[in-house]
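The values are calculated or read from the model by the stated rules, or taken from the named source; none is laboratory data. Predicted model only: the values in this text are computed from it and were never measured. Using ideal geometry, Cβ is built from the backbone for each residue, glycine included, and neighbour counts are taken over all protein chains shown. Surface areas here come from the heavy atoms of the whole protein model, side chains and all, with no ligands, DNA or RNA. Shrake-Rupley method; radii C 1.70, N 1.55, O 1.52, S 1.80 Å.
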Amino acid sequence: MDVSVDRISEPWGGRTPHGRDDPWPARVDMCLADGVEPEQVERWVQTASILHSDGDAMDVAVKDGRMVGVRGRAVDRVNRGRLGPKDLFGWQANASADRLTRPLVRRGGKLVETDWDTAMDLVTARSRELLDEQGPGSIGFYTSGQLFLEEYYTLAVLARAGIGTNHLDGNTRLCTATAAEALKESFGCDGQPGSYDDIDHADVIALFGHNLAETQPVQWMRILDRLEGADPPRLLCVDPRPTKVARRATVHLAPRLGTNVALLNALLHEVIRSGRVDHAYVAAHTVGFDELAGNVERCTPRWAERICDVPAAAIQEAAEMLGTAERLLSTVLQGVYQSHQATAAAVQINNLHLLRGMLGRPGAGVLQMNGQPTAQNTRECGANGDLPGFRNWQNDEHVADLAKVWNVEPSTIPHFAPPTHAMQIFRYAEQGSVRMLWISGTNPAVSLPELSRIRSVLGQDRLFTVVQDIFLTETAQLADVVLPAATWGEKTGTFTNADRTVHLSDKAVEPPGEARPDLDIFLDYARRMDFRDKDGAPLIGWHDPETAFEAWKRCSAGRPCDYTGLGYGRLRGGSGVQWPCGEGSPEGTDRLYADGISWAHPDVCESYGKDLVTGAPVEAVEYRSLNPEGKAVLKAAEYLPPHEAPSGEYPYQLTTGRTLYHFHTRTKTGRVPQLNAAAPDVWVEVSVADARERDLAEGDLVEVRSPRGAVRGRVRVTDLRPGVLFVPFHYGYWDTPGGSAPDGRTPPRAANETTITDWDPVSKQPLFKTAAAALTLIAKSDGTPSPAPTTTASAPAGTARVRATEGGSPGVRVLQGAAEPWRAAHGGTR
């Protein structure tokens, strides 16, 4: 096989069928700039994708000092050479003409270019002024899920032990906070139990609120290959949209938005009622069975039908699949995470696996997925609120241990209260107690809920805002200081994907102009601030990525995310390695909990848990009483209705989400011709029934309005659940006349103009899935179709004639072929 494929119209490429328990065959996907032949590539430099959480390993093609393409790494365990559309085309954004190349400072109300010394002197002067006048609580940091491990760890040390602030979080709060919290609630500690390899072994794969085909397309290729091979798995899909997963599922449940806990309680009820519980496993490895069984006793499928609007028979069929599975793999994502009972629902999925003893062996696992490529590292390194190395902020011995690693007094590390989550940091900025906010690698002026409020917060004169990014985003346009950053391929570092696989990303080309790696910027700030340890030595003793990685290894030693067996040399040239990788696991660890629950004991756990209704932290003495031996906790939750229900004025439920061709707020994908052409503008998905009732058709211009604001887009009629509206969240204003916000020239385009300032009480993840909204026709279509792609969950319903989404833009081509011929013909890395 050596074929050219349009990977816009065929996003998942060709099939390589494989049977159950067989290894997934390699297939190498490659994309080169027009006119560049493989033999003309001067160097292939190892990296992995930062446009999703899959961690697809690839090599960057370098010619004449610039990127000219990518190819998948067949040797890597994650993708075996395959790449998704964003992987294949996304590299082109790095060379965009509008990259930031010099620092900017605000003078006379305008951002003007300056030099690094001037910009950093402003930042350090303001930092010292605030520390002297108002203390460390006046400074906050809001980072990303797109930097490297070494950068997060350095940021965590300078923020917690240098500044001494508790206000440090990542935009991973929006996408992965519930994954971390659900794992802590069930297993006492963060850490993905399962492995992508489980796809090769499972006989049932259940996807809860997870549009895998678009968020991790390479793993969807893996499932598609299983479906074409011998002994294929059965799929269960829980999603209100007609995703590609739903269309291939044995059972598709499309519940009313905000009712996941009711549905899951009914599934648990059926598993228990039908005697499918592995009681020996439950007795050996869990606590809380009686409470859970009592909680779901009344949650029959008929009861859930009334709440979820899903037929009881379908719920029973789904429960039968789950209860009879020999090896069950479940995956979970934003359809569960971005709702009012996010953690409560995600925990019930863990409960399903604990009841059935489906953990720690091939094909039996849970994947509480991440939304961003390096989200796992924000959690590990302490850049998302938690302490580094999954240490427990409520455990004084853990804090003392961390203080020893950093050679500071324990009192230096703020642990007097729960770490401040992102939504609270912005609230403090709004109220005036946070007076300096340093935002790195993210774009809250598009990604946070209720954007008019966020713009108001960031636009305050009293708030000193530093933005560190690669483009002049909507957020950067509101900053006082803008620091130009390097991106992947222009710097070296490591990052960890959703199944704990650590990859090394080497520098391939120089960053543009004066742009610097994020690590260099943080190190420069720490040096200028002259942060010291308790002996007077520099607090941060490392000076480049590799020495930062070695410092992190010392911090992770003996912890659940142990990296001590890894090093740049080991990660270079071969496959990524799954942590923990240390003294007891020198080859890495494919699955957690193969030998029982290991990090739930009160002395070692990362968290004592929280109340699933209020979010109040459980105290140590209470946890020790409940779980003295450190077993997994079967935690029950009652269903509670959404905070904002449809009404006469706002009769629809609005959910926002992702599309295959874009990432985050389009800063890296909206500048890529092929990706942008596939989904160039916002749209509104409406069900067939609702479109008929409102006399709406493809391409009609409509306004979706909530109590917070409105967004306008053209209609795509799909097989979406009736009563639900879907709007993709990616679109902002940087490529409109408005620039940073809607105005008289630019109608509201960002989905988050409408979403609510509210969050799950446990994980603090905002609610992007359960707003109430109204729908108004603005103008009938003039023949202009909806910009929604036809290849995804946005495909038009029925036989509607809409021009198919295709690629074919000049400038790049995609080849896919067998691994060994490619390697023989085109050489290895570096």
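Which value in Å is the Kirkwood Rh of the chain over different Cα pairs? Show your work: numbers first, answer last.
Numbers: mean 1/r = 0.0374 Å⁻¹.
One over the average 1/r among Cα pairs gives 26.7 Å for the chain.
Given 0.36 nm per residue, what is the gain on full extension from residue 806 to residue 427 after removing their alpha carbon distance, in nm?
Working: separation 379, 0.36 × 379 = 136.44 nm, distance 4.35 nm.
Length gained, residue 806 through residue 427: 132.1 nm.
Taking 7 Å along the Cα-to-C-beta vector as the label spot, tell me the residue 510-residue 3 distance in nanometres, rounded to one decimal.
Reported label-point gap for residue 510 and residue 3 is 4.3 nm.
Mean shadow of the stretch 117-246, computed from the convex hull of its alpha carbons, in nm²?
11.8
For the chain, with the dipole built from +1 on Lys and Arg beta-carbon atoms and -1 on Asp and Glu ones, taken about the Cα centre, which of 775, 23, 378 lies farthest toward the positive end?
Of the listed residues, the answer is 775.
Could you work out the relative contact order of the chain? I mean the mean sequence separation of Cα pairs under 8 Å and 6+ apart, divided by the number of residues, in percent.
21
Return the distance in nm (one decimal) between the two label points of a simple spin-label model at residue 453 and residue 309, each offset 7 Å from Cα along Cα→Cβ.
2.6
Given labels modelled 7 Å from the Cα in the Cβ direction, how far is it in nm from residue 278 to residue 128?
Distance between label points: 6.0 nm.
Percentage of Cα-Cα pair distances in the stretch 88-170 greater than 22 Å, rounded to whole percent?
It works out to 47 percent of all Cα pairs.
Determine the distance separating the Cα centre of the stretch 129-162 from the Cα centre of the stretch 694-744; give it in Å without decimals.
The stretch 129-162 and the stretch 694-744 have Cα centres separated by 36 Å.
Shape verdict for the stretch 746-801, please, from the Cα gyration tensor: rounded (a/c under 1.5), prolate (a/b greater than b/c) or oblate.
Since a/c reaches 1.5 and a/b is larger than b/c, the shape of the stretch 746-801 is classed as prolate.
Excluding residues on the same chain fewer than 8 positions from residue 769, give the aspartates and glutamates whose Cα lies under 12 Å from its Cα.
Residue 769 reaches 239, 644, 758, 760.
Can you find, among 388, 522, 212, the residue farthest towards the positive end of the dipole of the chain? Put +1 on the C-beta of Lys and Arg, -1 on that of Asp and Glu.
Farthest towards the positive end: 212.
What FRET efficiency comes out for residue 693 versus residue 39 if R0 is 56 angstrom and r is the Cβ-Cβ distance? Round to the nearest 0.05.
So, using R0 = 56 Å, E works out to roughly 0.40.
In debye, nearest 20: dipole of the chain around its Cα centre with unit charges on the Cβ of K, R (+) and D, E (-)?
1260
Would you work out the relative contact order for the stretch 432-526, in percent, from Cα pairs under 8 angstrom that are 6 or more residues apart?
22
Please say if the stretch 491-607 is rounded, prolate or oblate, where rounded means a/c under 1.5 for a ≥ b ≥ c the square roots of the C-alpha gyration tensor eigenvalues, and otherwise the choice is prolate for a/b larger than b/c and oblate otherwise?
Taking the square roots of the gyration eigenvalues as a ≥ b ≥ c, the stretch 491-607 is oblate.
Rounded to a whole number of µm²/s, how large is the Stokes-Einstein D of the stretch 186-267 at 37 °C and 0.692 mPa s, given Rh as the Kirkwood radius over C-alpha pairs?
Diffusion coefficient, whole number: 238 µm²/s.
Provide the gained length on full extension for the span residue 779 to residue 98, in nm with one decimal, where the gain is 0.36 nm per separating residue minus the Cα-Cα distance.
241.7 nm
Could you order 374, 547 so the one with the most accessible surface comes first? Probe is 1.4 Å.
547, 374
To make sure I understand the rule: partners must be lysines, Cα under 25 Å from the Cα of residue 404, and not fewer than 8 residues away in the same chain. Which ones qualify?
The reachable lysines, counting only those whose Cα sits under 25 Å from residue 404, are 184, 534, 553.
Given the stretch 682-815, report the % of alpha carbon pairs whose separation exceeds 25 Å. The partial results should precede the final answer.
Details: 2858 of 8911 pairs.
Tail fraction, whole percent: 32.
With charges set only on the Cβ (+1 for Lys and Arg, -1 for Asp and Glu), what does the dipole of the stretch 425-528 come to about its Cα centre, in debye to the nearest 20?
Roughly 360 debye for the stretch 425-528.
Please work out whether the stretch 288-426 counts as rounded, prolate or oblate from its C-alpha gyration tensor, where a ≥ b ≥ c are the square roots of the eigenvalues and a/c under 1.5 means rounded, while otherwise a/b larger than b/c means prolate and anything else oblate?
Judged from the Cα gyration tensor, the stretch 288-426 comes out prolate (a/c at least 1.5, a/b above b/c).
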